[in-house]
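Notes follow once the structure below has been shown.
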Amino acid sequence: MAEDGERKEGFSAPEIRRDPLSGAWSILATGRSRRPGAVPGASREPACPFCPGNESMTPPEVWSAGRKGSAPDTPGWEIRVVPNLYPALVPEAGERGWRKSSRVGIPAQGDHEVIVHSPEHGLSLGAMDARRAAGLLGAWQARYRHFAAMARVRYVQVIVNHKREAGASLEHPHAQVFALPVVPRAVLDELRESRRRAGNCPLCAEAEEAREDDRVVAENRAWRAFVPYAARAPFELRFAPLRHAGDFAAAGREELAGLADVLTRSLGALSKLLGDPAYNLWVHAAPCDGKDYQHYHWHLEMIPRIVISAGFELATGMYLNIMEPREAARQLRVSAG
Ligand SMILES: [Zn+2]
Ligand SMILES: [Zn+2]
Ligand SMILES: [Zn+2]
């Protein structure tokens, strides 16, 4: 492929470039600058493309749940999955990478989807009842499985950006799924730690210690939500399945129901305590590149965007947290009632 990617509608195909100084990957996806609200001052779309009745505003749906006989791309769905209109990764990006002195990159070949959480414009994950949230997690898992099974996909990242301050350009609650041809650095760091302590899983230990330290916010038979010992920000939460397992794709119905329970309770408590703050939520699971990751323990993480990280965090990769994790957990427990 050409050095600068294929031209499409005046934009280059997205690329994944490796920083020669740090080894970290960045995705260059210039087409995303066209999405509503991506550039400060740009006008926002008048109608919500994720609300029922506006299905024609999105690319054709690839998956849905809840339809009782209604046709695709019409109302009647409970959960709807569409390709991202402004994808960071595309299936046809090309196959071959390049290396030209220190300029190393690969085509951003993959997929980028949006999972619309419900037909209701104002119904956030923390306000859903647990049963409905469990169905939604089932949809996340269905798309996760779909991509994880592809040979060219090394990692599937599921994220939720809640509200604009957390990066959401559309406020209608939704998740994004990224099928990546590389394993991201944040996951590599966690894999290294769990491999180093194989047989003594750091997340199994942390979930246990969270209880000893009074940092648990919500729990049930299958899951525990807690404020991490080295929390990066006030009210950061980690969600760990109590059964050690690395693979999100293999989680059973009961496990997803347990996750929906702690997730909705914790996010509900956060919303009540802080007046529905913006947050980022993501899944971390073992890569799907066919290697052995039995040492790894999948989980979810959530960081509220109430403190703006700044120069020190960028300079060092270290976070400055101004709140004692145990106190954050106490306040969330009180809020949860
Ligand atoms: Zn909407
Ligand atoms: Zn574990
Ligand atoms: Zn993680």
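The numbers here are math on the coordinates, done by the rules we state, and not lab data. From a predicted model like this one, the values you see are computed outputs, not experimental measurements. All Cβ positions, even for glycine, are placed from backbone atoms using ideal geometry, and neighbour counts span all protein chains on display.
Calculate, for Cys51 and Arg152, the FRET efficiency according to 1/(1 + (r/R0)^6) with r their C-beta to C-beta distance and R0 30 Å; round to the nearest 0.05.
Numbers: r = 34 Å, r/R0 = 1.12.
Result of the calculation: an efficiency of 0.35.
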Among Ala251, Ala218, Ala233, which one shows the highest mean-square fluctuation when the chain is modelled as a Gaussian network with alpha-carbon springs under 10 Å? Ala251
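Taking the Cα centre of the chain as origin and charging only Cβ (+1 Lys, Arg; -1 Asp, Glu), how large is the dipole, in debye to the nearest 20? Provide the component values of the computation, followed by the final result.
Values: 43 positive and 41 negative charges, 63 e Å.
The dipole magnitude comes to about 300 debye.
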Please give the length that would be gained between Arg131 and Thr316 if that part of the chain were fully extended, namely 0.36 nm times their separation in residues minus their C-alpha to C-alpha distance (nm, one decimal). 62.5 nm
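Express in nm, to one decimal, how much length is gained between Asn220 and Arg232 on full extension, taking 0.36 nm for each residue of separation and deducting their alpha carbon distance.
Net length gain for the segment: 1.8 nm.
So if R0 is 35 Å, what FRET efficiency would Leu123 and Ala24 give, r being the distance between their Cβ atoms, rounded to the nearest 0.05?
Values: r = 36 Å, r/R0 = 1.02.
Once the sixth-power term is evaluated, E becomes 0.45.
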Springs between alpha-carbon atoms under 10 Å, Gaussian network over the chain: tell me which of Asp247, Asp19, Asp214 tops the mean-square fluctuations. Asp19
Given a 10 angstrom Cα cut-off, can you work out which residue in Ala230, Ala240, Ala93 is the most mobile in a GNM of the chain? Ala230
Could the peptides 187-200, 102-115 be put in order, highest first, of the mean number of other beta-carbon atoms found within 10 Å of their residues? 102-115, 187-200
Using 1/(1 + (r/R0)^6) with R0 = 25 angstrom and r between the beta carbons of Arg185 and Ala245, what's the FRET efficiency to the nearest 0.05? 0.65
